[in-house]
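This report concerns only the one structure given below.
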Amino acid sequence: MLGTAFLLLNGLLLLLLLYTTRRRNKNEPPLDKGSIPWLGHAFEFLKDPGKFLARMKDKHGDIFTFRLAGIYVTVLLDPNSFDGVLNDDTNSLDFNSRRGQLLKRIFNLQLPGDYPTTEKEWMKQHFLGVKQLQLSSSMTRHLSDVMLKSFEPRSSSQWREDGLFELCYSLLFRAGYLTLFERKDNVDAVYGEFRKFDDLITKLAQGSLKREERRVVATSQDRLWDLLYSGRVKGSWQQSYVQFLQEMGVDADMQKKAQLLQLWNTQCNAGPAAFWVLGFLLTHPEAMEVVKSEIRGLSSLQDTSLQRRPLSQLEAKSTPVFDSVLSETLRLTAAVMINREVVKDKILRMADGKEYHLRRGDRVCLFPFLSPQMDPQIHEEPQMFKYDRFLNEDKTVKKEFYKDEKKLKYFTLPWGAGKSICVGKEFALKAIKQFVFLFLTHFDLELCSPNDKLPPVNPSRFGFGMLQPDGDLRVKFRLKTMQHEM
Ligand code: HEM
């Protein structure tokens with residue numbers, strides 16, 4: 001009996017060894033399995049993906065394969081070679097299976113096989129062209145309203161204090177929710193539950209929630225499903241999305257869950273992005289001054305009250321300094337990971353002419369935050385915020401960046417790329433710009449302590465779009481009166 005158990009155990013160990021023993025073949029990227037069998041580098045990666053991948057880049061260069069809990073991930077960090085992955089024309093790389101796994105794990109969602117492609121088309125109809133213009137104009141209206149409302153019933157000259165992250169997230173979320181879901185009655189409840197869910201979403205995706213956190217996530221998911229499902233407004237973007245799901249044959253339970261996915265997709269990035277923009281401006285007075293001076297030059301924005309909503313004209317104005325500040329902010333704080341499953345063996349041709357064999361069953365990952373965005377060969381002193389990094393000397397938008405003397409097609413990628421690129425980019429850009437301009441033209445905004453610095457980033461958010469701060473930045477603000485000039 002004991003002998004059989006011993007043999008069985010030995011057999012299992014041998015199988016495990018065989019399964020986990022992988023050697024680097026000729027033409028494959030450098031292989032780094034880590035020291036822990038099967039898990040490989042899982043602990044270090046999950047703790048701080050940004051730091052881990054930077055260490056691997058220093059060790060191996062622009063392409064390498066590492067082991068992550070039984071999966072082999074090839075990381076490609078040469079932007080000049082990205083097109084081999086982003087525009088793979090050999091049908092060797094698949095985007096949907098990984099996305100499907102994440103949707104199941106995070107949102108309990110299982111959608112029909114043709115959903116991703118059909119949904120993308122549906123989203124484009126709503127976030128591009130005329131519909132996008134309508135949504136953006138509704139967003140402007142709601143932004144003015146929620147910003148004014150945040151002062152009631154206080155007198156306008158009174159200073160109010162808050163955390164800048166909390167302030168930006170809550171105002172942009174509220175305006176975004178009112179624009180897309182058009183529900184005034186439950187916006188506060190939805191925001192409260194959403195933040196609890198969003199705070200734990202990275203742990204949920206990694207499967208590392210503690211027992212109490214699991215309970216919090218389950219409760220806020222339940223509440224959000226109910227809050228979003230009941231009382232939909234006819235003619236709203238939300239109602240139109242539900243109709244689209246019904247036409248696809250998605251059942252009522254999945255319709256409910258898909259709405260939380262869209263709430264997260266549409267609301268999780270703009271608030272954090274606005275926080276970093278205002279945060280960098282407040283901690284870099286020179287940049288704040290040039291942005292304010294650019295705004296002062298837009299005469300139509302002067303002497304207007306929030307109620308009169310002047311900002312529709314903003315879109316027609318050229319604001320290269322602000323645009324550079326926004327690009328620079330996103331370069332430093334947008335950190336998406338672009339993942340593909342290798343479904344067929346593939347030869348990846350690099351820009352320098354080398355060829356690498358990618359194995360079927362592995363995963364390929366681009367992490368544009370590390371390169372191009374933080375690559376010192378592309379962006380000098382990449383850790384520094386330089387408001388004019390994306391400006392030419394003649395104050396036009398700078399679009400030419402080089403690596404190894406080659407002009408780059410991809411020099412910053414905050415919106416992702418390829419099949420998973422953000423469909424809400426135009427809408428988001430306008431919303432953030434309007435929010436920041438509204439704040440600077442209609443409010444006095446100052447740091448509570450002039451020497452305060454921006455908080456560090458929360459490392460668990462690497463790979464999830466916009467980074468979030470670990471902590472907050474205390475600010476005070478009040479409505480401007482005629483006496484308080486900008
Ligand atoms: C600074 C703000 C934003 C940034 C940096 C951003 C970035 C991104 C990125 C990187 C992705 C791809 C995610 C992935 O591959 O896993 C994405 C997807 C998406 N974004 Fe954005 N986003 C922003 C704001 C918005 C806004 C305001 C909306 C809409 C109101 C929006 C709508 C979407 C949608 C619907 C998707 C999913 C697209 C799909 O189904 O394939 N985004 N976004």
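Just so you know, all these numbers are worked out from the coordinates, no wet-lab data involved. Keep in mind that what you see is a predicted model, and the values were worked out from it rather than measured. Ideal geometry is used to build each Cβ from the backbone, glycine not excepted, and the neighbour counts take in all protein chains shown.
Here are the numbers for this structure:
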read-out: Gyration tensor verdict on the stretch 347-434 (Cα atoms; rounded if a/c is under 1.5, prolate if a/b is larger than b/c, oblate otherwise); value: oblate
read-out: Among H142, N458, V321 - extreme Cα towards positive end, dipole of the chain, charges at beta-carbon; value: N458
read-out: Whole-Hz ³J(HN,Hα) from phi, Karplus 6.51 cos²θ - 1.76 cosθ + 1.60, for the stretch 274-280, glycine and proline x; value: 5, 4, 5, 4, 5, x, 5
read-out: Stokes-Einstein D for the stretch 416-486, Kirkwood Rh over Cα pairs, 25 °C, 0.890 mPa s (µm²/s); value: 162
read-out: Folded to 0 to 90 degrees: helix 164-180 orientation relative to the chain principal axis, Cα; value: 90
read-out: Residues with amide H under 5 Å from that of L31, placed H, sequence gap 5 or more; value: T65
read-out: Cβ-placed point charges (K, R +1; D, E -1), dipole of the chain about Cα centre in debye, nearest 20; value: 940
read-out: 37 °C / 0.692 mPa s Stokes-Einstein diffusion coefficient of the stretch 358-486, Kirkwood radius on C-alpha pairs, µm²/s; value: 179
read-out: Cβ crowding within 10 Å averaged over residues, with 109-120, 338-349, 209-220, 162-173 ranked highest first; value: 162-173, 338-349, 109-120, 209-220
read-out: Isotropic mean projected area of the C-alpha convex hull, the stretch 28-136 (nm²); value: 10.1
read-out: D_trans [Stokes-Einstein, Kirkwood Rh over alpha-carbon pairs] for the chain, 25 °C, 0.890 mPa s, µm² s⁻¹; value: 100
read-out: Shape category assigned to the stretch 131-266 from the gyration tensor of Cα positions, a/c cut at 1.5; value: oblate
read-out: Point-charge dipole on Cβ atoms (K/R +1, D/E -1) for the stretch 49-122, about Cα centre, debye to 20; value: 640
read-out: Global form of the stretch 17-86, assessed from the alpha-carbon gyration tensor, a/c cut-off 1.5; value: oblate
read-out: Nearby lysines by direct alpha-carbon distance to K149 (threshold 26 angstrom, same-chain neighbours under 8 apart not counted); value: K184, K196, K234, K292, K430, K433, K476, K480
read-out: Value of relative contact order over the stretch 428-473, rounded to a whole percent, pairs C-alpha under 8 Å and six or more apart; value: 30
read-out: Listed peptides 181-193, 443-455 by packing density, highest first (mean Cβ within 10 Å); value: 181-193, 443-455
read-out: C-alpha long axis of helix 187-206 to longest principal axis of the chain, angle in °; value: 20
read-out: Mean Cβ neighbour count within 10 Å, used as a protection proxy, ranking 124-130, 195-201, 229-235 highest first; value: 195-201, 124-130, 229-235
read-out: Contact order relative to length of the chain, as percent, for alpha carbon pairs under 8 angstrom and 6 or more apart; value: 23
read-out: Residue-averaged 222 nm ellipticity for the chain, from DSSP H runs of 4+ at -39500 (n - 2.57), nearest 500; value: -15000 deg cm²/dmol
read-out: Angle in degrees between helix 2-20 and the longest Cα principal axis of the chain, rounded to the nearest 10; value: 60
read-out: Residues whose placed amide H lies under 5 Å from that of F443, excluding near-sequence neighbours; value: K480
